[in-house]
Structures are given as C-alpha cells and as structure tokens.
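K.L.:
Below are the structure tokens for one structure; questions will follow.
The values are calculated or read from the model by the stated rules, or taken from the named source; none is laboratory data. This is a predicted model, so every value here is computed, not measured. Here the Cβ is made from the backbone with ideal geometry for all residues, glycine too, and neighbour counts use every protein chain on show. Heavy atoms of the whole protein, side chains included, go into the accessibility calculation; ligands, DNA and RNA do not. Shrake-Rupley method; radii C 1.70, N 1.55, O 1.52, S 1.80 Å.
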Amino acid sequence: MQIYQESRGELLRFLTARVGDRAEAEDLLHDLWLRIQSADAGPIANGRSYLYRAAQNLVLDRARARQRRLVRETAWSERGDDHATEPADPRADIEAEIAAREDAAALAAAMAKLPEKAGLVFRLHKIDGLRHAEIAARLGISRSGVEKHIATAMTHLRRALDGGTT
C-alpha cells in the first residue's frame, strides 16, 4: 500500500497515457487500489513492478471488454429493424392473442343468435363486403330494408358483447 501511495501520481499518468482519458484512468486506478486491497499479502519481490503490471492488465481487461461489447452491439444492430419491434415480454402477445380469440368467439356466438334476415344481411355486408345496393338486389328488398337489418344486427351485437342479452 505504501508503494501505491508513493506511485499514485505516476500510475495515473501511466494509465492516462494508455487509455487516453483521465477519467477512465482514474477509474482504473481505483480498480487497481481495490485489487491490491483484496490481494493476498504474500511477498512481492518488486512492488513497483507489480503495480505497473497490474495496471497494464487492467487496461488490457478493459480493452477486451470494450471489444466484446462492440462485437455484441454490432451483431445486434445487424439483425435489422424487423427484430426491433419484438416485444420485451412474449407473454404480452400471447395474452393479446387469447383475448382476441375470446372476443372472436363471443362475436361468433352473438352473430349466431341474430334474427335470421338481420344476420344474413349483416354477414353479406360486413363479412362478404357487399354494398347495400348489391344486398338489396340479391335479396329482393329495398336499400332502406338493408340498412334497417344492419341496424338491428348492430344493436343486438352491441347488447350481446356489452354483457346484455340479445
């Protein structure tokens, strides 16, 4: 510890020269102090040489860690944007999918309970995509009749899906 205290300024300059940043050099110097604090107090032939070797090893360790981080970040960025939209928690997608299936099942059950003519008109318009005029021509009813059947179907479905009865 005495040699560390005496060489602290020199070690800081040594580390600053190696890493090019005084703040990072001070971090490394602190890491060096922690390392020698926790090291076995066995005999060291040349304490000053030991400190410089340990400081150099810390610089190398930090450079290797920086290189590994760069490789990892490069690999991540090369995966592309299609992975950037993945949810952090895949369970969120599963829960949404289950909720969507439950909603679809409830809608199908409610549609099965629609009055016959209203159900037919609703399916032709909302599912098959026919326009009101096409439905009217196909079923031989007026456009206002088509609109009334769709309104009836919508009312029944809203009540059924909101927890009411049809």
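K.L.:
Starting from the residue with the highest accessible area, list GLU10, GLU97 in decreasing order, probe 1.4 Å. Kindly include the intermediate steps, with their values, before the conclusion.
P.N.:
Working: GLU10 70, GLU97 90 Å².
Per-residue accessible area, sorted high to low, gives GLU97, GLU10.
K.L.:
Over the alpha carbons of the chain, what is the largest minus smallest coordinate on each principal axis, giving the biggest first in Å?
P.N.:
Projected onto the principal axes, the Cα atoms of the chain cover 106, 30, 20 Å.
K.L.:
What Kirkwood hydrodynamic radius, in Å, does the stretch 41-80 give when the mean of 1/r is taken over all pairs of distinct Cα atoms and then inverted? Mind dumping the intermediate values first?
P.N.:
Working: mean 1/r = 0.0804 Å⁻¹.
Here the Kirkwood hydrodynamic radius works out to 12.4 Å.
K.L.:
Rounded to the nearest 10 Å², what accessible area does ASP61 show when all protein chains are kept and the probe is 1.4 Å?
P.N.:
70 Å²
K.L.:
Which sequence of MET111, MET154, MET1 reflects their accessible areas, 1.4 Å probe, from the largest down? Please report the intermediate quantities before stating the final value.
P.N.:
Details: MET111 25, MET154 55, MET1 100 Å².
In descending accessible area the options line up as MET1, MET154, MET111.
K.L.:
Shifting gears a bit: I'd like to know which of ALA110, GLN56, LEU120 lies farthest towards the positive end of the charge dipole of the chain, counting +1 on Cβ of Lys and Arg and -1 on Cβ of Asp and Glu.
P.N.:
Result: LEU120.
K.L.:
How much accessible area per residue does the stretch 1-76 have, in Å², with a 1.4 Å probe?
P.N.:
About 70 Å² of surface per residue is accessible.
K.L.:
Would you mind checking the stretch 53-67 for residues with the amide N under 15 Å from a putative spin-label position 7 Å along Cα→C-beta of LEU34?
P.N.:
55, 58-59, 61-62
K.L.:
Another question about this same structure. 7 Å from Cα along Cα→Cβ at both ARG13 and ALA108: what's the point-to-point distance in nm?
P.N.:
8.1 nm
K.L.:
Then there is this: Provide the per-residue ³J(HN,Hα) series for the stretch 49-63, in order, calculated from phi with Karplus coefficients 6.51, -1.76, 1.60 and θ = phi - 60°, each as a whole number of Hz, with x at glycine and proline positions.
P.N.:
My calculation for the stretch 49-63 gives 4, 4, 5, 5, 5, 5, 5, 5, 5, 5, 4, 5, 4, 5, 5 Hz in order.
K.L.:
Shifting gears a bit: What are the equivalent ellipsoid semi-axes of the stretch 1-85, built from the alpha-carbon gyration tensor (square roots of five times its eigenvalues), in whole angstrom, biggest first?
P.N.:
So the equivalent ellipsoid measures 35, 14, 10 Å along its semi-axes.
K.L.:
Another question about this same structure. For the stretch 62-76, list residues with backbone N below 15 Å from a point placed 7 Å from the Cα of GLU24 toward its Cβ?
P.N.:
62-71
K.L.:
How big is the accessible area of ARG13 in square angstrom, nearest 10, if you roll a 1.4 angstrom probe over the protein chains?
P.N.:
150 Å²
K.L.:
Here is a further query. What 222 nm value per residue comes from the helices of the chain, counting each DSSP H run with n ≥ 4 as -39,500 (n - 2.57) and dividing by all residues, nearest 500 deg cm²/dmol? Spell out each step's value before the answer.
P.N.:
On the way: 7 runs with 124 residues, N = 166.
Dividing the helical sum by the residues of the chain leaves -25000 deg cm²/dmol.
K.L.:
Residue by residue, what Karplus-based ³J(HN,Hα) values in Hz, rounded to whole numbers, does the stretch 12-27 have, using 6.51, -1.76 and 1.60 with θ = phi - 60° and x for Gly and Pro?
P.N.:
Working through the residues one at a time gives 5, 5, 4, 5, 4, 5, 6, 9, x, 9, 5, 5, 5, 4, 5, 4 Hz.
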